[in-house]
Structure formats: structure tokens, C-alpha cells
Amino acid sequence: MTADRSVDVLVVGAGPAGSVSAKHAAKNGARTLMIEKRQEIGSPVRCGEGIARAWLDELGIRPDKKWISHQVTGARVISPKGHVVTLTEKMAGNEVGYVIERDNFDRALAEEAAAAGAEVMVKTSAVEVLRRDGRIAGVKAKHMGETFDIHAKVVVGADGFESQLGRWAGIDTSLKPSDVNVCFEYTLKHIDIDPRFNDFYVGSCAPGGYIWVFIKGEDAANVGIGVQLSKIKAGDRGAAKRYLDAFIARRPGLAKGSPIREVAGAVSCCQPLDSVVADGIMLVGDAARMIDPLTGGGVANSCRAGKVAGEVAAQAVQAGDGSKRFFQAYEKGWRAKFEDQMYRNWMAKEKLVTLDDATFDKACEVLAEAKLEVVNTLEILRLIQRKYPELIKEFEDLIK
Amino acid sequence: MEKKPRIERLYCMHCGACVGCCPENALTLQEVWIELLPNCTGCGICARACPVGAIFMEAEK
């Protein structure tokens with residue numbers, strides 16, 4: 001029999017957002033419990049596994065060969081006709097750097113949470129929220145068929161894209177189909193690749209998204225796709241996988257590979273939510289729709305927000321105040337770190353999904369010819385404007 | 001006749017894409033399976049969202 005129990009901070013979900021939250025809550029003195037519904041933290045992987053390097057320092061995460069699969073020196077954006085825009089890490093900044101082993105990465109972060117004093121339980125699901133005086137006060141949990149209550153002064157909802165906690169708590173996390181990308185990926189072995197670069201293929205090969213080739217060694221890569229949900233028609237089952245299969249079939253260097261893993265999933269690509277907290281609860285990571293809407297990368301934002309959530313959770317316990325009002329410190333903290341960038345990248349995404357192949361070709365051609373020193377959205381748009389002002393018409397409000 | 005999603009277990013990778021897209025919160029990701037709840041309205045967004053085509057919209061028996 002698993003007994004009912006009581007903790008200061010309950011973290012639901014042991015992905016990066018949850019583990020970093022749990023680590024910082026525990027480190028700051030809160031009795032912390034983290035529960036994970038899967039039997040194994042980090043598995044199954046649902047990720048392209050490309051991350052930037054810069055933010056790891058900020059969080060004190062030391063790169064470890066246990067979870068680094070490969071290091072690239074840059075990224076390439078490739079248009080439908082094959083115009084290649086090469087970005088070095090210095091220029092692109094955002095999502096290039098390491099290609100990681102996400103399962104090992106997630107486990108390493110969970111170990112850090114445990115080392116900081118957080119208790120961890122796996123194969124344990126939250127099945128509903130507990131309320132007291134109208135506020136969230138814990139969850140009803142299930143482990144090996146047994147149900148028990150976990151009372152908590154603060155709940156951190158880090159339960160991923162499929163998050164239930166936010167909805168149960170009355171936080172609006174709903175997504176429009178245009179703000180969802182549906183993803184599928186193979187890890188392919190024995191393929192022909194350039195191990196220096198992570199590649200991004202844009203255009204009709206992946207409607208409203210892109211195809212990625214993220215390097216995992218001299219002859220291996222994650223080859224995956226994101227397709228905008230609003231571009232998938234009713235009755236068109238398995239569109240993401242089919243688009244990817246068609247792309248691979250056209251490339252002998254990839255088609256000869258052996259798939260050693262298949263990965264499925266979905267990412268949000270929305271504007272920052274208006275609110276990710278309620279009385280007794282803070283949402284973090286994919287559950288809070290914090291994924292970068294342009295790249296689909298979520299690990300960095302999840303970890304950066306997780307640190308703030310953990311710290312604020314511990315402060316709330318100390319202050320004896322788990323109110324929505326107290327959690328505004330968390331709202332302020334994560335928004336200061338990346339809300340503006342999320343919003344800008346959402347705007348850019350909204351424009352990019354409207355472009356046809358000919359436009360991608362023209363834009364990539366101009367950028368491939370230019371010797372780019374620094375890459376930012378503004379610089380890119382100005383370069384294109386010089387040669388194809390008509391292409392930029394739609395983007396004029398971004399240039400101002 | 002109203003259609004409801006049927007999840008083909010042999011295709012499903014329990015990734016949760018359908019769950020996050022459901023406007024009614026009528027799907028949940030359990031440890032290693034997806035569960036459909038009675039409040040499903042049959043809108044079919046889950047079938048569109050499934051990356052591998054594991055969800056079939058079928059008339060209820």
C-alpha cells in the first residue's frame with residue numbers, strides 16, 4: 001500500500017523542465033518530490049536532440065560526454081532547389097552546437113535533482129488535482145495500480161506537450177492547429193553526411209515546418225520532420241511520416257541508411273501564453289508552451305524557466321504563500337529571459353509558413369551569395385529586400 | 001453517423017501528439033498507452049495530428 005503523503009513542492013514530470021525545477025526547489029531548502037509517469041526517465045525520446053551551447057553555463061550544467069553525441073560547427077538552411085545558406089554557431093546562436101542523447105541528458109538532470117535532495121518516483125502518474133479552498137493543493141497519484149494523495153504547498157506542472165495539469169487547474173494552454181507542428185524522426189545509421197553541419201530543409205518538403213538532419217556521428221544522424229497541423233487535411237493519416245519517407249527516398253545517401261530508432265511527437269509553436277500560473281501551481285516547459293515557435297527547440301527554454309520556477313517554489317514555501325500573486329515572480333523571471341524572443345520568432349514563423357518554394361529559393365540564393373557576418377532576422381530581411389523587394393513586402397512591419 | 005477515434009495500438013508510439021491537440025481534453029497519455037474519454041466530440045483533430053497515422057475515425061458500433 002502506498003500511503004498518502006505531504007511535501008513542500010511536488011514536480012509532475014521528470015523531463016528537463018521538471019528536473020531543473022526540482023533541483024532548484026530542493027537546493028533552496030524545499031522538501032521536494034518529483035514524479036514521472038514513465039518507468040524510465042528520458043525514454044522514449046521525443047526530440048531532434050539539437051541544442052545550443054551558450055545557455056548551459058547560465059544554468060551550471062556542465063557538458064558531459066555521457067550525453068553529448070556530437071558537436072557541430074554550424075548549421076545549413078537548404079532551399080527546395082538546393083541553395084545553401086551556411087551559418088556558423090557564432091552567427092546562428094540559437095539551436096546549433098551539440099547534438100545530444102536526450103535520454104542520457106534527461107537522466108543526468110534527474111540525477112542532479114536527486115543529488116540536490118529531491119525525491120524521485122517513476123511509473124507514477126498524476127490522475128487528478130487535489131484542491132483546498134479553491135486552490136491546487138497536490139495531486140491524486142497512481143503507482144502500480146494503487147492510488148494515493150500527494151499534498152503539496154506548491155505544484156510544478158512539467159508534464160509536457162500532453163499536459164493535463166494546466167487544463168485541470170483552469171490555465172488556458174489550448175493550441176490552435178496553426179500553432180502545432182507534428183513531428184516524426186528516424187535515427188539513421190550508415191548514411192552519407194557532412195558531420196560539420198546540422199541541416200534544415202525548408203519548403204514544401206515539410207509544409208509549415210522543416211526537415212532536419214542533426215548529426216550523431218560520422219555516419220549517423222537524426223533525420224526528422226515537423227509539419228504544421230493546420231496544413232494536414234482530415235483523412236490524411238500519418239502525413240508527417242509520409243512526407244519524411246518521401247524526402248529520404250529521394251536521397252540515396254540517406255535512403256541507404258538503417259533506421260535504429262523511430263521517434264514521434266508534437267511541439268507547440270505559439271506566442272507566449274498570457275498566464276502559466278494559478279493558485280498553488282506553476283507550469284513550466286512544454287506544458288507552459290515555452291517551445292521556441294521558430295525552431296521547435298524546447299530544452300533551453302524549459303531549463304531556464306525551470307530554474308526560476310524551482311527558486312520561486314522554494315520562496316513560496318518559505319513565505320507560506322503559494323498564491324497566483326506570489327507566482328508573479330516566476331512569470332516575471334521567465335518572461336525576462338525569453339518572452340520577447342518567443343514573440344519575435346512566432347511572428348517570423350507566421351510569415352515563413354506562407355512562403356512558397358520559389359520564394360524560399362530566391363531568399364536562400366541571396367543569403368548564400370552574401371557573406372554573412374552576423375545573422376539576425378533584421379539583417380536577413382534587409383539583404384533580401386535589396387534584391388527582391390517584393391518578397392519582403394509581407395515582412396515590412398518586422399523591418400521597421 | 002457520428003465518428004469516433006479508434007487508436008490502432010500496433011501503430012501507436014504513445015508520443016502524446018494527439019493528447020496535446022485535443023480541444024476537449026478527451027485523450028490522456030497513460031504510462032505507455034493513450035486513453036480516450038467519453039467527452040470526445042469526434043472532431044478528428046487527433047487523427048490529423050497523429051504523426052504515424054495510428055488514429056482511425058470510425059462510425060460507432
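The values are calculated or read from the model by the stated rules, or taken from the named source; none is laboratory data. Bear in mind the structure is a predicted one, so any value in this text is a computation, not a measurement. Cβ: placed from backbone, ideal geometry, glycine included. Neighbour counts: every protein chain shown.
When you go through (1) in the same structural domain as A:ILE248 (by TED's automatic domain parsing); (2) modelled with pLDDT under 95 one by one for A:ASP133, which number turns out not to apply?
(1)
Can you name the condition, by its number, that A:GLY209 falls short on among (1) over 19 Å from the mean Cα position of the chain (by Cα); (2) not assigned by TED's automatic domain parsing to the domain that holds A:MET34?
(1)
For a quick check of your reading of the model, give me the residue pairs whose first member lies in region A:139-150 and is at positive phi, whose second is part of a strand (DSSP E or B) and not basic (Lys, Arg), with beta-carbon atoms closer than 9 Å and at least 6 apart or on different chains.
What qualifies is A:MET144/A:THR124.
I'd like the residue in region B:8-28 that is farther than 20 Å from A:ALA240 by Cα and in contact with an Asp or Glu (Cβ under 9 Å, 6 or more places away or on another chain) and, out of all such residues, is surrounded by the most Cβ atoms within 10 Å (Cβ to Cβ).
B:LEU27
Return the only residue of A:GLY138, A:GLY160, A:GLY145 being modelled with pLDDT under 95, within 30 Å of A:MET34 (Cβ to Cβ) and either of a type outside the set (A, V, I, L, M) or more than 17 Å from the chain's Cα centre (by Cα) (or both).
Step by step, each of A:GLY138, A:GLY160, A:GLY145 is checked, and only A:GLY145 is modelled with pLDDT under 95, within 30 Å of A:MET34 (Cβ to Cβ) and either of a type outside the set (A, V, I, L, M) or more than 17 Å from the chain's Cα centre (by Cα) (or both).
Quick test for you: out of B:PRO51, B:PRO5, pick the one residue that is crowded, with 18+ Cβ neighbours inside 10 Å, in contact with a Lys or Arg (Cβ under 9 Å, 6 or more places away or on another chain) and within 12 Å of chain A (Cβ to nearest Cβ).
Among B:PRO51, B:PRO5, only B:PRO51 is crowded, with 18+ Cβ neighbours inside 10 Å, in contact with a Lys or Arg (Cβ under 9 Å, 6 or more places away or on another chain) and within 12 Å of chain A (Cβ to nearest Cβ).
Could you list, in sequence order, the residues of region B:11-59 that are more than 18 Å from A:VAL45 (Cα to Cα), of a type outside the set (D, E, K, R) and touching a residue at least 40 places away in the same chain (Cβ under 8 Å)?
Matches in region B:11-59: B:GLY42, B:GLY44, B:CYS46, B:ALA47, B:GLY53, B:ALA54, B:ILE55, B:PHE56, B:MET57, B:ALA59.
Just to be sure, is B:CYS46 within 25 Å of A:VAL12 (Cα to Cα) and either within 7 Å of chain A (Cβ to nearest Cβ) or of a type in the set (Phe, Trp, Tyr) (or both)?
In short, no.
Return yes when A:LEU244 is away from chain B (no Cβ under 14 Å) and over 18 Å from the mean Cα position of the chain (by Cα) and no when it is not.
no
For residues in region A:224-245 being in contact (Cβ under 8 Å) with a residue 24 or more places away in the chain and among the small types (Gly, Ala, Ser), which is farthest from B:ILE55 (Cα to Cα)?
A:GLY224
Yes/no matrix, rows are residues, columns are (1) within 30 Å of A:ASP8 (Cβ to Cβ); (2) β-branched (Val, Ile, Thr):
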{"site": "A:LEU165", "(1), (2)": "yes, no"}
{"site": "A:SER178", "(1), (2)": "no, no"}
{"site": "A:HIS190", "(1), (2)": "no, no"}
{"site": "A:PHE197", "(1), (2)": "no, no"}
{"site": "A:GLU218", "(1), (2)": "no, no"}
{"site": "A:VAL223", "(1), (2)": "no, yes"}
{"site": "A:GLY226", "(1), (2)": "no, no"}
{"site": "A:LEU244", "(1), (2)": "no, no"}
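In region A:188-233, which strands (runs of 3 or more DSSP E) lie fully inside it and hold 1 or more residues that are within 14 Å of chain B (Cβ to nearest Cβ) and hydrophobic (A, V, I, L, M, F, W, C)?
Ranges flagged: A:210-215, A:220-228.
Scanning for something surrounded by fewer than 18 Cβ atoms within 10 Å (Cβ to Cβ), touching a His at 6+ places or on another chain (Cβ under 9 Å) and of a type outside the set (A, V, I, L, M, F, W, C), does region B:31-45 turn up at least one residue?
yes
Scan (1) touching a Leu at 6+ places or on another chain (Cβ under 9 Å); (2) in a helix (DSSP H, G or I); (3) without any contact (Cβ under 8 Å) to a residue 24 or more places away in the chain for the single condition A:GLU111 breaks and write down its number.
(1)
Under the condition of being out of contact with any Ser or Thr (no Cβ under 7 Å at 6 or more places or on another chain) and more than 7 Å from chain A (Cβ to nearest Cβ), which residue from region B:24-33 is nearest to A:GLN39 (Cα to Cα)?
B:VAL32
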